Amino acid sequence: MIKDKNQYINREISWLEFNKRVLQESADKKVPLIERLRFLGIFSNNLDEFFKVRYATVKRIVEAGKSGKSALGGEIAKDLLEEITKVVIQQQTESLDILKEVENELEDENIYIIDETEITPSQDEFVKNYFANKVSPVLMTIILNDLREFPVLKDTAAYLAIKIVLNKEPGEREAKNRYALIEIPKGIDRFVVLPKEDGKDYIIILDDLIRYCLDSIFTMFEYQEISAHMIKITRDAELDIDNDLSKSFIEKISSSVEHRKISDPVRFVYDKNIAADTLCFLKEKMNIEGTDSVIPGGKYHNRRDYMGFPSLGRQDLLYEKIKPLPVKGFSLEGSLFESIAQKDYLQYTPYHTFSYIIKFLREAALDPKVKAIKITVYRLANNSQVAASLINAVKNGKQVTVQIELQARFDEQANIEYAEQLQAEGVKLIFGVPGLKVHSKICLIEREEDNEIKRYGFVSTGNFNEATARIYTDYTLFTADDVLLKELNKVFDFFETTYKINKYKHLIVSPHYTKNVFRKLIDTEIENAKAGKEAYIKIKMNSFTSYKMVDKLYEASNAGVKIQLIIRGICCLIPGVKGMSENIEAISVVDKFLEHTRQFIFANDGDPKVYISSADWMTRNLDYRVEVGCPIYDKDIKQELIETFEITWKDNLKARIFSKEQDNAYRKIEGPELRSQFELYNYYQAKLES
């Protein structure tokens, strides 16, 4: 069925509007100055990933000779590529203006980002020594003119395209040009802090430090002029997995990740001041095609590196760090198993400490009564304490089963390395389900008590990653409720016996049940609204792209169900349209932390049903992934989830309104200013004191 453009927002355009909200944070003068630079880095990093995945997917549709109209919400793929490029150019221009503004404000704080033309005589020695000792030994420089084949440029690596105008030889009419590429080394900080002078901080970007030292690189040429301009390409990041039955799954994924390095380019970004002949030379040699997005940019690319902009000890220009709180009544000092046996507990990171998950796994690793640990792994931190705890458990004789997702986007290589490490230590590994990604965030512990097996476990909305837990908001429910944990065990059974589809009375499990269960919950609200009973739906997710679920909410709206949506990223639903979605309101909150929780609240005629889940309402989550949603039966936790939703809903400082205009307008509500992420921390502090 062809989708109507008037009923849906195209997901790619909606995603670009989400990234525009990130860009808004970098422009917000209420955001600390260095944090604004870091938001510029996030904006740039997001854009890289967008081109690797979403733009590449649309490009594949065009190259297959299809319109893609049904899959793209009524957009024609070829037209969409042009629209994306237009929007990105406009956003890139805006980001450069914001960067300039932030740099000017940094100067007011005595922080100067200088380029190669501003290096003072007193800084000259430091810069040249730094180049000679740290940069030059790792610099990759390629002279292009005489190569039979153009070198394969690394995905999203930054390069300086060098044009060397040689001195004219006797009898020559015009000087010859030499072209070269210098790869900006990744192993060196992009921002080089120079010695402080007169109480002022000076920083030079590595690219400019290299520009300053070009003479020492190209000493073999006699030239009259040399110039260096930045370029980069972005490659298609889809994994094409072969069907060679002789290869293990790890080998197939490893091979696909390796092939990604030479996959087709989908975006070429260049410094708009580059010489026309240099640009022509590069595009010809690189076979840049009409379906590739060619984007003129500024002097510097890979602005994602601004995520790591040095703090320079200026805590006044950073967000104040919060100290993660304990969960009330849930002591890290005693046995977590004893506490969980009495009641359920909810951890909400980063407001609560992530230490509960680590403590839970460490206790399981050492407890003689624990016989088995089962866990899913999607993304782990570097030097993961989660992985260390699982290995520790094996060494203590526990049976440890890890379902590890080797196709976790952009973490494939890290997960392959963890898989090999865990396997070498004796952990039993399961590599997913054919045709499905395992995106669920679950853990199950089997403990022998009074000659019987007692189960403990947790269900989460986010990854078991202590690094991202400091900036991602996520719920984790710790429970000993055997009604839930028996069903959780069925999920682990499915990983090993994929032909057997289990039935669930409590958990909401993709790909077999999630869509239908939520549709039934919506139907109940529709029936209640028609009967004059209390009927509402409150949902918080990362993204909402399933047209079928959008249509279902339109149906509910037309029946009189009041619907509130908090969607951080993509939202294909258009709220507030008379006769279609007039009872639907939708907002997005982008702030200090990345909103990652998924929660679902249904009025149920005055007896609310509340769920947390790993699944967004995207086709991939509903139909092509193993996801787990969990009902909340503890009355106190249920009320807590309702209250935390309401706090976020009342945000009138960082909430933007979804609308057909897609203008990211800030939502204004009468009353005191409320910044939900700060208010949520206060909420949990008050709980501890009550």
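Just a few scattered comments:
- Ignoring aspartates and glutamates fewer than eight residues from K578 along the same chain, the ones with Cα atoms less than 17 angstrom from its Cα are D4, D551, E555, E661.
- Square roots of 5 times each gyration tensor eigenvalue, C-alpha, segment 1-55, largest first, Å: 29, 14, 4
- Building the convex hull from the alpha-carbon atoms of segment 354-420 and averaging its projection over directions returns 4.4 nm².
- Straight Cα distances below 20 angstrom link K490 to the aspartates and glutamates E405, E446, E448, E452, D481, D482, D623, E627, with same-chain residues fewer than 8 positions distant left out.
- With the highest mean first, a sort of the peptides 206-216, 100-110, 590-600 on other beta-carbon atoms found within 10 angstrom per residue produces 590-600, 206-216, 100-110.
- For Q342 and K154, a Förster radius of 45 Å and the Cβ-Cβ distance give a FRET efficiency of 0.25, rounded to the nearest 0.05.
- Over 23 Å [Cα-Cα, segment 458-601], rounded percent: 47 percent
- q = 0.22 Å⁻¹, segment 301-412: log10 I(q)/I(0) [Debye, one scatterer per Cα]: -1.27
- Part-to-part distance (alpha-carbon centres) for segment 127-144 and segment 573-637, which is given in Å: 51 Å
- Compactness of segment 137-211 - radius of gyration and Dmax, Cα, Å: 17.2, 55
- Debye log10 I(q)/I(0) at q = 0.13, 0.20, 0.21 Å⁻¹ for segment 336-496, Cα point scatterers: -0.56, -1.45, -1.60
- With coordinates expressed along the principal axes, the C-alpha atoms belonging to segment 524-626 extend over 39, 31, 29 Å, beginning with the largest.
- Magnitude of the charge dipole, the chain, Cβ model with Lys/Arg +1 and Asp/Glu -1, debye to 20: 1880 debye
- Packing-based ranking of 465-476, 160-171 yields 465-476, 160-171, ordered from highest to lowest mean Cβ neighbour count within 10 Å.
- Shape summary of segment 1-137, radius of gyration then Dmax from alpha carbon positions: 20.8, 69 Å.
- Neighbour net charge for F544 - beta-carbon separation under 11 angstrom, K R +1, D E -1: +3
- Put simply, the convex hull of the Cα atoms in segment 267-325 casts, on average, a shadow of 7.4 nm².
- Computed on segment 11-317, the Cα convex hull volume stands at 179 Å³ per residue.
- Here is how the number arises for the chain: DSSP H runs of 4 or more residues each give -39500 (n - 2.57), the sum is divided by the residue count, and the result at 222 nm is -11000 deg cm²/dmol.
- Calculated diffusion of segment 554-690, Stokes-Einstein form, Kirkwood radius summed over Cα pairs, 4 °C and 1.567 mPa s, µm²/s: 79 µm²/s
- Each 20 Å bin from 0 upward holds the following percent of the Cα-Cα pairs of the chain: 16, 47, 31, 6, 0.
Read-outs throughout are calculated quantities, based only on the coordinates presented, and are distinct from any laboratory measurement. None of the values given here were measured: they were computed from a predicted structure. For neighbour counting, all protein chains shown are included, and Cβ atoms are generated from backbone atoms with ideal geometry for every residue, glycine included.
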